[in-house]
1. In the set 150, 159, which member is surrounded by 15 or more Cβ atoms within 10 Å (Cβ to Cβ), in contact (Cβ under 8 Å) with a residue 12 or more places away in the chain and more than 17 Å from the chain's Cα centre (by Cα)?
2. Of the residues that sit in the stretch 115-147 and are touching a residue at least 60 places away in the same chain (Cβ under 8 Å) and touching a Phe, Trp or Tyr at 6+ places or on another chain (Cβ under 6 Å), which one is surrounded by the fewest Cβ atoms within 10 Å (Cβ to Cβ)?
3. Please go through the stretch 18-40 and give me each residue that is in a loop (DSSP other than H, G, I, E, B), under 25 Å from residue 76 (Cα atoms) and out of contact with any strand residue (DSSP E or B) (no Cβ under 7 Å at 6 or more places or on another chain), ordered by number.
4. Has the stretch 32-41 got at least one residue that is within 20 Å of residue 4 (Cβ to Cβ) and touching a Ser or Thr at 6+ places or on another chain (Cβ under 6 Å)?
5. In the set 147, 189, which member is in contact with a Cys (Cβ under 7 Å, 6 or more places away or on another chain) and small (Gly, Ala, Ser)?
6. Limited to the stretch 41-54, what total is found for residues that are assigned to a loop (DSSP other than H, G, I, E, B) and loosely packed, with under 15 Cβ neighbours inside 10 Å?
7. What single numbered condition from (1) among the β-branched types (Val, Ile, Thr); (2) modelled with pLDDT of 90 or more; (3) surrounded by fewer than 12 Cβ atoms within 10 Å (Cβ to Cβ) fails to hold for residue 168?
8. Take the residues of the stretch 55-90 that are exposed (fewer than 14 other Cβ atoms within 10 Å of the Cβ) and hydrophobic (A, V, I, L, M, F, W, C): which is nearest to the chain's Cα centre (by Cα)?
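The values are calculated or read from the model by the stated rules, or taken from the named source; none is laboratory data. These figures come from a predicted structure and were not determined experimentally. When we count neighbours, we look across all protein chains shown, and the Cβ atoms used for this are built from the backbone with ideal geometry, even at glycine.
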Amino acid sequence: MINLAAVIDNLTAFYPLDGKRIIHVGVDGGILTGYSGTAKEIVGIDSNPAIEPILAAKLMAENLTGKFQVRIMDFLHYTQRADVVFFEFCLHEMENPLTSIMHALTIAPTVLIVDHAYNSQWSWYGCETEKLERSWAAINQFEVRHSAKFEETQHFDSFEDLHQKLSVLGAESLARIEPLREEHPIGISMPYEACLL
């Protein structure tokens, strides 16, 4: 697990979201919804219908149901305008990151991207290095107005916890973590970057 409060603090210090209408892409289960308190309204978009009940419970617990709408859909089909499109650790997972950024710029004047750094040890264990290379190459085709790098660590009390977290990523990921089996606790470096287009 990571220090989510620190990630949210870094995000809001990098680009204050006060009073903004936000399209939050890759909202997943709502782990970063803590930034929402000062935003005007948010539309959370995710293509995975399984997250809907988890996210609904999180928004209710944080008293955000009035300002946070959820859309289970392909981001490329969303056309309502906003102040900011925020990609939360998801651009590398998109089939075509370049197309996704280009679409974002048609519906908002500002695009905020937070994603794993290319040299992330955590992403290597998750077999995401090639995906990150592709997404950062897409980002670098645009004028980056502002960027910042941050460092976080994924902490696990036991190898079993780490194994459970990465088991959905397949055999190669599990093979990569095998040398960590005897470490207790386990800490894996997770550098990430924020950029503003």
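1. Being surrounded by 15 or more Cβ atoms within 10 Å (Cβ to Cβ), in contact (Cβ under 8 Å) with a residue 12 or more places away in the chain and more than 17 Å from the chain's Cα centre (by Cα) holds for just one of 150, 159, which is 159.
2. 117
3. 19, 29, 30, 31
4. Yes, because at least one residue in the stretch 32-41 is within 20 Å of residue 4 (Cβ to Cβ) and touching a Ser or Thr at 6+ places or on another chain (Cβ under 6 Å).
5. Only one candidate qualifies: 147.
6. Residues flagged as assigned to a loop (DSSP other than H, G, I, E, B) and loosely packed, with under 15 Cβ neighbours inside 10 Å within the stretch 41-54 amount to 1.
7. So residue 168 meets the others, but not (2).
8. Going through the qualifying residues, I end up with 73.
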